[in-house]
Amino acid sequence: MDCRNWIVEVVESARAGLQPDAQLQKHLRECPRCTDRWDDEQRLSAELRTMRDAASSRSEVRREAIMREFELAHGTVMRRSVKLAFSIAAILLLTLALGQVWRNHRPADTIAQNPGSSAPGNEFEASVLTNVPEDDDFIAVPYAPPLAPGEFIRVVRTQLRPNALARMGIYVDASLSEMPADVVIGEDGFPRAVRVLGDIQF
Amino acid sequence: MVQSDEELYRQMRKGDQRAFAELYERREPALFRYALYLSGSRIVAEEVAHDAFIELIGRDTHFDERRGSLEAYLYGVARNLVRVMQRRRTFEQGVEQVTAHDVVADLIKGERTAALYAAIRELPESYRDAVVLCDLEEKSYEEAALLMKCALGTVRSRVYRARMLLAARLKPLMLSAGVRGR
């Protein structure tokens, strides 16, 4: 075995912190070059061990800092999820609101055309309206605000003057005195439809 | 059962802080030492180890399991960060300042070890990686070969050459100080 092969033994023994085995010791006694290398490797291994021991370090400060960074990054992800959830909720609410507006307008139209019939999406008023006497002569009051879903209505029988009827969009002979009428009134007190009773000429 | 780095990484990406903490405990100390050996500066090493994990947390992380282990990836990130800092002039200034009181006073406590840090920094990069991983991080040749993505024999020869260069560099200092190997 020549020195090149012995060097492998020299380096590996020094790295492992082992003493040279008998064969290597014999070679080291005979070869000053390998002995030099063995001394160098021994010294270097000792220095590297010192360096390794000194480098060991644990830092709670570093650990806490990186954990905060993780929470921050993860928190950002959470915020994105929350934003998305809020966006979806907002879209749903907007859709519901538009639906309600659409439904609120439909019964008013239906009342205008046929106050006594049931209006889809506004069953409550419709059911009340169906209790109104069946001759179905109600006339919707123009420009009256639409009934809200589930809003109660009352049918009030009263005496109305021609000018009061005119304000509700019903024009009768102005020379007539008060006349009996049924008025559909919403919860807000505004009239929604009128039915003039008796034999009246419009 | 011990979870692999990659399993912890997958859980961590889903927001599992426990998984991240475990990964950090497992890899940060070695990463810190690795950066310290490459840079010779405790401050730089702390920054590098921290930034490597920040990179891992970030949305734009480039880690891909199919291309290698997470450990190799982290060493690669640390190596690049040290390199980037070396390119910046701040690194040089930092090392000078740190060597003046940080490393020498607090960590190395010895002229020879300071010289060893300097000698390691001056090694060619491939030799430096080999000696740091095998002789300072105590990785086997097989593990180092995986981390360095080269053949086992290549790692061994690089370690031998690196040690020879280091020994030659340190010899005058050691002889003048009367340090003997045996």
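Evaluate the range B:63-72: report whether one residue or more is within 9 Å of chain A (Cβ to nearest Cβ), aliphatic (A, V, I, L, M) and either open to solvent by less than 40 Å² (accessible area, probe 1.4 Å) or touching a residue at least 40 places away in the same chain (Cβ under 8 Å) (or both).
No, the range B:63-72 contains no residue that is within 9 Å of chain A (Cβ to nearest Cβ), aliphatic (A, V, I, L, M) and either open to solvent by less than 40 Å² (accessible area, probe 1.4 Å) or touching a residue at least 40 places away in the same chain (Cβ under 8 Å) (or both).
Of the numbered conditions (1) more than 9 Å from chain A (Cβ to nearest Cβ); (2) among the β-branched types (Val, Ile, Thr); (3) open to solvent by less than 60 Å² (accessible area, probe 1.4 Å), residue B:54 satisfies every one except a single condition; which is it?
(1)
Only one of A:174, A:119, A:140, A:126 is at pLDDT 80 or above and either of a type in the set (Lys, Arg) or outside the structural domain of residue A:101 (by TED's automatic domain parsing) (or both). Can you tell me which?
Being at pLDDT 80 or above and either of a type in the set (Lys, Arg) or outside the structural domain of residue A:101 (by TED's automatic domain parsing) (or both) holds for just one of A:174, A:119, A:140, A:126, which is A:140.
State all residues of the range A:152-171 that are within 30 Å of residue A:98 (Cα to Cα) and modelled with pLDDT under 80; if no residue qualifies, say none.
A:168, A:169
For residue B:60, which of the numbered conditions (1) crowded, with 17+ Cβ neighbours inside 10 Å; (2) modelled with pLDDT under 90; (3) acidic (Asp, Glu) fails to hold?
(1)
At pLDDT 90 or above and part of a helix (DSSP H, G or I): is that true of residue B:100 in this structure?
For residue B:100, the condition - at pLDDT 90 or above and part of a helix (DSSP H, G or I) - is not met.
The values are calculated or read from the model by the stated rules, or taken from the named source; none is laboratory data. In this text the structure is predicted, and so the values were computed from the model without any measurement. Note: ideal-geometry Cβ built from the backbone for every residue, glycine included; neighbour counts use all protein chains shown. The area values use the complete protein model at the heavy-atom level, side chains included, leaving out ligands, DNA and RNA. Shrake-Rupley method; radii C 1.70, N 1.55, O 1.52, S 1.80 Å.
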